[in-house]
1. Of (1) within 13 Å of ligand 1 (Cβ to nearest atom); (2) within 20 Å of MET251 (Cβ to Cβ), ARG308 satisfies all except one. Which?
2. Report, by residue number, each residue of segment 63-107 that is assigned to a helix (DSSP H, G or I) and either under 20 Å from the mean Cα position of the chain (by Cα) or charged (D, E, K, R) (or both).
3. Hey, among ILE156, ILE118, ILE182, which residue is modelled with pLDDT of 95 or more, in contact with a Ser or Thr (Cβ under 9 Å, 6 or more places away or on another chain) and part of a helix (DSSP H, G or I)?
4. Which is at pLDDT 90 or above and either open to solvent by less than 50 Å² (accessible area, probe 1.4 Å) or outside the structural domain of PHE386 (by TED's automatic domain parsing) (or both), of ASP475, ASP470?
5. When you look at LEU345, is it over 21 Å from the mean Cα position of the chain (by Cα) and either open to solvent by 50 Å² or more (accessible area, probe 1.4 Å) or charged (D, E, K, R) (or both), yes or no?
6. What is the number of the single condition among (1) in contact (Cβ under 8 Å) with a residue 60 or more places away in the chain; (2) in the same structural domain as LEU148 (by TED's automatic domain parsing) that ILE67 does not meet?
7. Only one of these conditions is not met by ILE275: (1) within 23 Å of the chain's Cα centre (by Cα); (2) open to solvent by 70 Å² or more (accessible area, probe 1.4 Å); (3) more than 25 Å from THR93 (Cα to Cα). Which number is it?
8. ILE314 fails exactly one of the following numbered conditions: (1) β-branched (Val, Ile, Thr); (2) outside any helix (DSSP H, G or I); (3) under 15 Å from the mean Cα position of the chain (by Cα). What is the number of that condition?
Amino acid sequence: MGYVIFVIIVGLVLAVGYLYYQLRLQRHYYEYKADKMDSLETSLKEEQEQHKITLNKLNKVAYINPISKIGNLDYFINEACNQFFDGENTPFTLLVFNISNMGTVNKLFGPTEGDKVIIYSATCLRRIGQNQRFLYAHLYSNLFGALLRTNDRDAIIALTQEITAALQGYNDSFALEPSFGICEITDIEVPVLDLINQAMLAQNLNKNKKECNYNFYTKELNKNFTENKGMSQEMEQAMEQHKFLMYLQPMVDLRTFKISSAEALVRWDHPEKGILSPYAFLPLFEGTSVIEKLDYYMWEECCKTIRRWIDNKIEPTPISMNISPIHFQSLKFITQLNTLTEHYLIDKNLLILELPERGIASGSAEVINIIKTLHENGYILSIDNFGSMYSPLNLMRDLPIASIKIDRSFLNKNTTSDEGLTILRYLIAMAKEVDLSVHVEGVETEEQANFLAEIGADVAQGYFFSKPIDLREFDALNKTMINSVYKSDEYYPTFEDLEKDLDLIDYLLKQA
Ligand code: C2E
Ligand code: MG
């Protein structure tokens, strides 16, 4: 009996021990599991944190403007679509603004000051935007945008005034001048980029307004925009059909009063509107690829003309070609020019490239590089419309520029008063000091021509000598002005004659 009890007790002890052991094992297991879970959770959290940081960094790169440190265009579009246009029936307004006198800031104080203006503008916009809870961004370049949940015109105008006042705090001696374009949104299905374009169309109208710095977008504006879009297609077709004509305006040497070169100026032979001046179409396409194509077209016309003169044993007249500022973004156009001169076997010093003052006034490293490369390639360089932006002559001194072409408006302004005449005299003297040849455009009277010759200008261009004329007229005028070279009884085919000859040959070949 005692033995049985002993066995039972031992059995019980063993069972309890086993149970205890199992329980400990399980506890360890759970503790181990909990520990593992904890560490897994921690590493997951760390990973998530890391992921967040990476995402933030990526977002910063993708959505934050590196200069102003506020959202960029992509951020604006994304936020507008995902957060703002939330299906509620709220009216919206999109507003854009830029600093209209940014060019002057860059010119007077340099690009670093330009960056400071951008940062300051972004800071003002952020402060006002956070207070009034609207979406804001630095869209690109010098353009800012805001999207508001209202279409209350008074409130919007008040906002433009608040931003204007804030920007005035930048500097006591220099006022930043914002220019606003406003687009009331009636249909949120319209893509945000189109809305921005509409606001910019409205903003463009401020250029000719002094009284206020904002403008509302209207359907009428869109009509013009669509018409312009249509015109752009029309222009491309016109180029293919050769409807753009090269007119030449003689440039006269003020010592000999003979033609020394000629400026190539474009005209559009429009089927309904007749011969159109560049003022009727160039401004519409300023900064677009249409202008790039048109420039290339005109450069080719110039090369063809020089080739024709050479082939006809006529002393070629150097031609001045206009280069639009859009080309100053890369060296691509230099390759295009080289291709043309190689194709038509033209000596590069027969081409004078007119670089508009507004395109080079920044004096940036890129612009300087372009000017130096053009010079190294053998082109003659001239600064067009000099005096329209008051660039310092010093800028030209360090660059391989052959001449400046004094702007027509500068001549007009300065030939009506004694003070103006003195300014002109000094400008020409100073240009001579830095070895620049001086060309003057817009010479309309004999008096102006004589005065300019007297004060040392080298070349004059203007209605007094001749308006821009077509190739046939130019050839005729050139004949009379270079009598010494021209023999009156010599057969002297024009480009059109040659084309007619080629047509005739073509016709005869087909008949044969
Ligand atoms: P710009 O290069 O300053 O050309 C001179 C402009 O002044 C020409 O106007 C010419 O006709 C005009 N002009 C010349 N002499 C006189 C004068 O005595 N009195 C007056 N009132 N005007 C005079 P146009 O031909 O209408 O050209 C206007 C502008 O259009 C040019 O100014 C140039 O910036 C641009 N442009 C013309 N053709 C081309 C081209 O083929 N390519 C590019 N990129 N721009 C061109
Ligand atoms: Mg010109």
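1. Single failed check for ARG308: (1).
2. Within segment 63-107, the subset assigned to a helix (DSSP H, G or I) is 63, 73-84, 102-107.
Of everything in segment 63-107, those that are assigned to a helix (DSSP H, G or I) and either under 20 Å from the mean Cα position of the chain (by Cα) or charged (D, E, K, R) (or both) turn out to be LEU73, ASP74, GLU79, MET102, GLY103, THR104, VAL105, ASN106, LYS107.
3. Details: ILE118 fails: modelled with pLDDT of 95 or more; ILE182 fails: part of a helix (DSSP H, G or I).
Sole residue among the options that is modelled with pLDDT of 95 or more, in contact with a Ser or Thr (Cβ under 9 Å, 6 or more places away or on another chain) and part of a helix (DSSP H, G or I): ILE156.
4. Matching residue, one of ASP475, ASP470: ASP475.
5. Numbers: over 21 Å from the mean Cα position of the chain (by Cα): yes; either open to solvent by 50 Å² or more (accessible area, probe 1.4 Å) or charged (D, E, K, R) (or both): yes.
For LEU345, the condition - over 21 Å from the mean Cα position of the chain (by Cα) and either open to solvent by 50 Å² or more (accessible area, probe 1.4 Å) or charged (D, E, K, R) (or both) - is met.
6. Of the numbered conditions (1) in contact (Cβ under 8 Å) with a residue 60 or more places away in the chain; (2) in the same structural domain as LEU148 (by TED's automatic domain parsing), the odd one out for ILE67 is (2).
7. Answer for ILE275: the failing condition is (1).
8. In the conditions (1) β-branched (Val, Ile, Thr); (2) outside any helix (DSSP H, G or I); (3) under 15 Å from the mean Cα position of the chain (by Cα), ILE314 misses (3) alone.
The values are calculated or read from the model by the stated rules, or taken from the named source; none is laboratory data. Treat the numbers as computed from the prediction; the structure is a model and nothing was measured. As a convention, Cβ positions derive from the backbone with ideal geometry for all residues, glycine included, and neighbour counts pool all protein chains shown. Heads up: the accessible areas ignore ligands, DNA and RNA and are worked out on the full protein's heavy atoms, side chains in. Shrake-Rupley method; radii C 1.70, N 1.55, O 1.52, S 1.80 Å.
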